[in-house]
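Participant: Before we start, here is the structure in question, set down as structure tokens.
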Amino acid sequence: MAPLLLLLLFATASISLVGADNPSPEIFLTLCGTTKTSNPQAFDINFVNSMELIYQNITVRGHGLAVSGTSDTVFGIGQCFHYLSAVDCQLCYAESRVKLPHCLPATDSRIYLDGCFLRYSDRNVSTQATDSKDTSICRNSSVMISSKATLTGLLANVTAAALNDSQYYAAASADVSPGLTVYGMAQCWKSLNVSGCRDCLEKAAMNVSGCLPASDGKALNAGCYLRYSTDPFYLTPASGGGGSSSRKALAVALGCVAVAVVVIGVAIWWMRRRAANESCDEEDGSGEIIRSISKSHLSFKYEVLCKATDDFNQMHKLGHGGYGSVYKGVLPDGREVAVKRLFFNTRQWVDQFFNEVSLISQVQHKNLVKLLGCSVEGPESLLVYEYLCNTSLDKFLFDSFKKTALDWERRFDIILGTAEGLAYLHTASEVRIIHRDIKASNILLDERFRPKIADFGLARYFSEDQTHLSTGLAGTFGYMAPEYIVHGQLTEKADTYSYGVLVLEIITGKKNQNSVATSAEGHSLISLIWKHFTEKTLIELLDPHLLGQCSEEQALKIFHIGLLCAQSSPSLRPPMWKVAEMLMSKSQDLPLPTQPPFINIKGADVRSEGSVTSYKYSSSSKSGHSVNPMSVSTLQGR
């Protein structure tokens with residue numbers, strides 16, 4: 001077995017142990033409605049808007065309300081159980097946010113997890129305490145609760161305490177018998193009044209008491225959650241029991257022991273396989289890929305690359321991403337190269353490495369970064385690219401001093417070159433490739449500031465007869481198309497949307513905020529541009545550094561093309577070959593863009609301690625928003 005694969009097995013096991021401190025919360029129940037929306041596209045966009053608003057509030061206060069859209073309106077409500085830490089609350093919300101879209105295009109759906117609740121609807125359900133979908137879940141174990149009176153008393157205590165608590169939350173325990181304790185917890189959603197909370201908890205207590213003598217019972221109501229269990233489910237590390245330093249020390253100690261066991265186990269397994277002289281062709285084919293790369297012109301010796309980068313000296317570091325760092329190196333023949341040093345954490349990231357090698361080695365274009373080779377037989381895996389002295393576009397575009405180097409001519413060339421590179425990937429290469437992560441940091445610049453698209457770790461290819469790929473989310477929020485976020489449906493038009501956002505960043509010199517919450521104006525860049533477009537004042541958003549370098553007509557044409565690419569409907573976005581044609585054409589006769597997604601709301605001031613509805617709504621298209629900024633590591637692109 002190749003040393004790389006041994007390393008990968010070890011890395012994967014290690015990370016799974018490290019990540020065990022924050023496992024994905026269990027999903028107790030998902031209820032998808034039976035009524036379907038008549039306008040799925042508009043409803044999807046409003047759904048994402050509502051999820052953004054809930055995120056802004058839930059990360060600060062543990063609960064949030066939202067409403068988006070003047071037609072095909074989506075209301076949302078999210079609540080973390082009060083015993084969760086802030087980090088666990090965000091992780092729980094992240095899980096619910098990923099799973100709930102599976103119910104679309106249903107107009108009313110909800111999900112209950114071990115720690116949080118999330119619901120969306122086409123009507124305001126924030127004050128709804130109970131409904132016909134209220135239910136309970138009972139779970140048996142070898143332990144039975146014999147005393148109904150004890151449980152009834154416990155449920156009555158937590159119910160009464162929750163009604164008197166400002167958070168509508170209470171937790172308590174009671175001894176059922178020697179050595180057996182039952183734990184209870186009650187939580188109403190913060191959007192209810194006291195009367196609604198009382199009605200909800202009384203119904204919940206009645207339903208869940210029917211679980212006896214089961215050791216665990218949960219009442220899942222429209223406006224509250226009630227649970228009892230012989231397990232101390234609400235006693236999380238954040239809520240009690242020992243100091244932070246001791247918990248960390250214990251976690252580190254257990255982690256080290258576990259990793260040591262894994263290392264020994266893997267080493268023994270490897271030696272036995274080697275001694276038995278078994279085939280090293282793994283089911284996933286990665287062993288064959290390693291061997292083919294090792295024998296090809298793409299193969300570099302690890303020792304050569306290590307020496308070229310001066311043992312990966314930090315002085316030579318060019319940057320880093322989600323799964324590796326990039327260093328400048330000089331090969332023995334004098335060639336300057338960029339060496340991407342990979343740190344694999346999951347099987348998925350291993351796939352991304354092989355994906356990048358196999359895809360980029362097949363494509364050659366002046367606006368695509370050139371892969372020179374890789375190293376797969378050393379203690380870590382390395383990718384070797386041509387060295388581009390001006391690094392990436394974001395290093396210039398979003399730096400108040402360096403951006404002066406990007407005059408109008410260079411920015412136009414970057415916009416056109418990126419379009420031509422994408423057009424090649426989508427239509428002219430041997431395989432039909434979707435990049436999936438077009439953004440300023442993935443556009444590299446050579447000595448003449450000519451653009452080259454880089455980082456193909458998330459790229460996917462598919463055949464001409466396929467209309468789309470259904471795949472998990474990957475990329476960077478703020479650049480991801482709405483149909484991809486909601487349904488995971490991937491086409492070339494997802495790249496077109498990302499490109500449109502990038503064009504608007506280049507022309508304004510402003511970064512599209514991942515969240516309206518971090519935008520000084522309370523608007524995302526896209527919504528701000530659309531506001532000025534409708535008011536015919538777009539030229540006010542032109543980067544001041546470009547004033548006098550281009551005509552108003554030239555600047556407005558670029559704005560216009562960016563908006564065409566960033567339209568909500570993928571069918572309305574032009575293909576990239578057409579974008580390149582529009583950029584080169586002298587004609588100003590362009591179709592009118594339709595409204596981009598994610599702009600029908602104005603962001604909350606998350607620093608406010610006021611009402612959970614501290615955001616504003618607008619019935620016009622002149623308020624701002626961007627894609628949900630929440631991104632767990634498994635979702636976020638590099």
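Participant: Ranked by Cβ crowding within 10 angstrom, fewest neighbours first, how are F81, F28 ordered?
Facilitator: Details: F81 25, F28 17.
Least to most surrounded, the residues fall as F28, F81.
Participant: Restricting to Cα atoms and excluding each atom paired with itself, what does the Kirkwood estimate give for segment 135-239 in Å? Kindly include the intermediate steps, with their values, before the conclusion.
Facilitator: Working: mean 1/r = 0.0740 Å⁻¹.
After inverting the pairwise mean of 1/r, the radius is 13.5 Å.
Participant: Normalized C-alpha radius of gyration of segment 17-121, against 2.2 N^0.38 Å? Don't skip to the end; give the middle numbers.
Facilitator: Details: Rg = 13.7 Å, N = 105, 2.2 N^0.38 = 12.9 Å.
In units of the 2.2 N^0.38 Å rule of thumb, it is 1.06.
Participant: Same structure again: Let's test the formula: R0 of 45 Å, r as the Cβ-Cβ distance of N390 and K99. What FRET efficiency results, to the nearest 0.05? Please report the intermediate quantities before stating the final value.
Facilitator: On the way: r = 42 Å, r/R0 = 0.94.
FRET efficiency, N390 to K99: 0.60.
Participant: So, R0 is 60 Å and r is the distance between the beta-carbons of Q364 and T35; what FRET efficiency does that work out to, to 0.05? Let's see the in-between values first.
Facilitator: Values: r = 52 Å, r/R0 = 0.86.
Efficiency, from the Cβ-Cβ distance: 0.70.
Participant: Something else: Can you tell me the mean projection area, over all orientations, of the convex hull of segment 164-221's alpha carbons? Units nm², please. Write down the numbers at each step before the final one.
Facilitator: Details: hull surface 17.3 nm².
Orientation-averaged projected area of the Cα hull: 4.3 nm².
Participant: Further question on the same structure: Neighbouring Cβ atoms within 10 Å as the yardstick, rank S568, S141, S325, S375 fewest first. Could the numbers behind the result be given before it?
Facilitator: Details: S568 20, S141 11, S325 16, S375 25.
With the sparsest Cβ surroundings first, the list reads S141, S325, S568, S375.
Participant: Looking only at segment 177-191, which residues have a backbone nitrogen under 17 Å from a spot 7 Å from the Cα of S146 in the C-beta direction?
Facilitator: Backbone N within reach: 177-182.
Participant: In addition: In segment 393-599, what is the volume of the convex hull around the alpha carbon atoms, normalised per residue and reported in Å³? Mind dumping the intermediate values first?
Facilitator: Values: hull volume 25.4 nm³, N = 207.
Value for segment 393-599: 123 Å³ per residue.
Participant: For a quick check of your reading of the filter: which chymotrypsin sites (Phe, Trp or Tyr not before Pro) in segment 385-455 sit in a DSSP loop and have no more than 12 other Cβ atoms within 10 Å? Intermediate values should be presented prior to the final figure.
Facilitator: Details: sites: Y385, Y387, F396, F398, F401, W408, F412, Y424, F449; in loops: Y387, F398, F401, F449.
Listed in order of number, the matching sites are F401.
Participant: Taking the Cα of L235, stepping 7 Å toward and past its beta carbon, and measuring to each backbone N in segment 51-91: which are under 16 Å?
Facilitator: The answer is 83-84, whose backbone nitrogens lie closer than 16 Å to the label point.
Participant: Calculate the FRET efficiency for L163 and H487 from the Cβ-Cβ distance with a Förster distance of 35 Å, rounded to the nearest 0.05. Mind dumping the intermediate values first?
Facilitator: Details: r = 41 Å, r/R0 = 1.17.
It comes out at approximately 0.30.
Participant: Here's something else I'd like to know. Distance cut-off 27 Å, Cα to Cα: go down the list K402/K557; K36/K99; K36/K510; K317/K493 and report the pairs above it.
Facilitator: On the way: K402/K557 25 Å; K36/K99 18 Å; K36/K510 39 Å; K317/K493 34 Å.
As for pairs spanning more than 27 Å Cα to Cα, those are K36/K510; K317/K493.
Participant: Kindly provide the Kirkwood hydrodynamic radius of segment 125-184 in Å, to one decimal, from all pairs of distinct alpha carbon atoms. All intermediate terms of the calculation are to be shown ahead of the outcome.
Facilitator: Numbers: mean 1/r = 0.0730 Å⁻¹.
About 13.7 Å, per the Kirkwood formula over Cα pairs.
Read-outs throughout are calculated quantities, based only on the coordinates presented, and are distinct from any laboratory measurement. All values reported here derive from a predicted model rather than from experimental measurement. We place every Cβ from the backbone using ideal geometry, glycine too, and count neighbours over all the protein chains shown.
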